[in-house]
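Visitor: There's a structure below that I have some questions on.
Throughout, read-outs are computed from the coordinates displayed, never taken from laboratory work. Since the structure is predicted, the reported quantities are computational estimates derived from the model, not experimental observations. With ideal geometry, Cβ positions are generated from the backbone for all residues, glycine too; neighbour counts draw on all protein chains shown.
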Amino acid sequence: MSPPVTGSSNGAAPVVAVAPSMDTLEITPLGAGQEVGRSCVILKFRGRTVMFDCGIHPAHTGMTALPFFDHLSTADLTNVDLLLVTHFHLDHSGAVPYLIGRTDFKGRTYMTHPTRPICRLLWQDYARVSKITAAEDQVYGRTDIDKCMQRIDTCTFHQTVTISTPAGPISFTAYRAGHVLGAAMFVVEIDGVRLLYTGDFSREVDVMGVLTL
């Protein structure tokens, strides 16, 4: 069967509609594409899907602060295999309790050891403030946060973690990003193809030198 074509009335060559191949790497920003805030990026490659960060927009409240999840179908969220959170700032992590507690997301979630407890504190504070300022449109509460914490795994810097998915394995390694305590950039590897997601990073030395007494 010939591939579908769209005709041209001006004599130009017809455009052939080609379906994406398995080797097409798709990147979809659900936030922070042309703005600061609600960082959330979807990567699809060879049947595997990775989400990088899941933040809120600090200038908005309630559901309008979330990444643009409505651009995804329920199946898209269900098929996310892995969420990697680079650091604890709310514009990168603030929507994680909503994603885990109130959507069909079933994937694994990883962040570094320092990031996890600080996230919990910030999420609890955000939920308390939201209950006052946007009670009718509160995106998550303490129950969602507790459920979320149970599903978060941690990793250490320079540790390579491999998870299994129906389409095959995904491996990732966290490297220090500077910026804040526990901040990581992630190298993800799928079938020999590697991609670096930096998140926010700093080139300044963030380790104190030896104190001279």
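Visitor: What is the local net charge at His89, summed over the other residues whose Cβ is closer than 10 Å to its Cβ (Lys, Arg +1; Asp, Glu -1)?
Guide: Its environment carries a net charge of -3.
Visitor: Provide Val80, Val161, Val96 in ascending order of the number of other Cβ atoms located within 10 Å of each residue's Cβ, fewest first.
Guide: Taking fewest neighbouring Cβ atoms as first place, the list is Val161, Val80, Val96.
Visitor: Once the Cα gyration tensor of region 91-213 is diagonalised, what are the square roots of 5 times its eigenvalues, in whole Å and ordered largest first, as equivalent ellipsoid semi-axes?
Guide: The equivalent ellipsoid of region 91-213 has semi-axes of 28, 23, 12 Å.
Visitor: Okay, next question. Full extension from Lys106 to Arg151: what is 0.36 nm times the residue separation minus their Cα-Cα distance, to one decimal in nm?
Guide: 15.2 nm
Visitor: Could you tell me the largest-minus-smallest coordinate of the C-alpha atoms of region 21-155 on each of the three principal axes, in descending order and whole angstroms?
Guide: 48, 30, 24
Visitor: Then there's this: In whole Hz, what ³J(HN,Hα) sequence does region 57-74 give by Karplus (6.51, -1.76, 1.60; θ = phi - 60°), x for Gly and Pro?
Guide: Working through the residues one at a time gives 8, x, 8, 10, 10, x, 5, 6, 7, 6, x, 7, 5, 5, 7, 10, 7, 4 Hz.
Visitor: List the trypsin sites (Lys or Arg not before Pro) in region 91-164 that DSSP assigns to loop (not H, G, I, E or B) and whose Cβ has at most 12 other Cβ atoms within 10 Å. Which are they?
Guide: When the trypsin sites (Lys or Arg not before Pro) of region 91-164 are filtered for loop state and at most 12 Cβ neighbours within 10 Å, Lys106 remain.
Visitor: Which FRET efficiency value, to the nearest 0.05, is calculated for His158 and Thr61 with the Förster distance at 35 angstrom and r the Cβ-Cβ distance?
Guide: Efficiency, rounded to the nearest 0.05: 0.35.
Visitor: If the reach is capped at under 25 angstrom between alpha carbons, list the lysines near Lys44, excluding any in the same chain fewer than eight residues apart.
Guide: Lys106
Visitor: Same structure, new question: Let me check I've understood the local charge: for Val50, count other residues with C-beta under 9 angstrom from its C-beta, Lys and Arg +1, Asp and Glu -1. What total comes out?
Guide: Once positives and negatives cancel, what remains is +1.
Visitor: For Leu30, list long-range residues whose amide hydrogen, built 1.01 Å from N in the peptide plane, is under 5 Å from its own amide hydrogen.
Guide: Correct list: Cys40, Val41, Ile42.
Visitor: Moving on to the next point. Could you compute the net charge surrounding Val193? Neighbours are other residues with a C-beta less than 11 Å from the C-beta of Val193; K and R count +1, D and E count -1. Working shown, then result.
Guide: Working: positive: Arg46, Arg48, Arg194; negative: Asp23, Glu189, Asp191.
Around Val193, the surrounding residues sum to 0.
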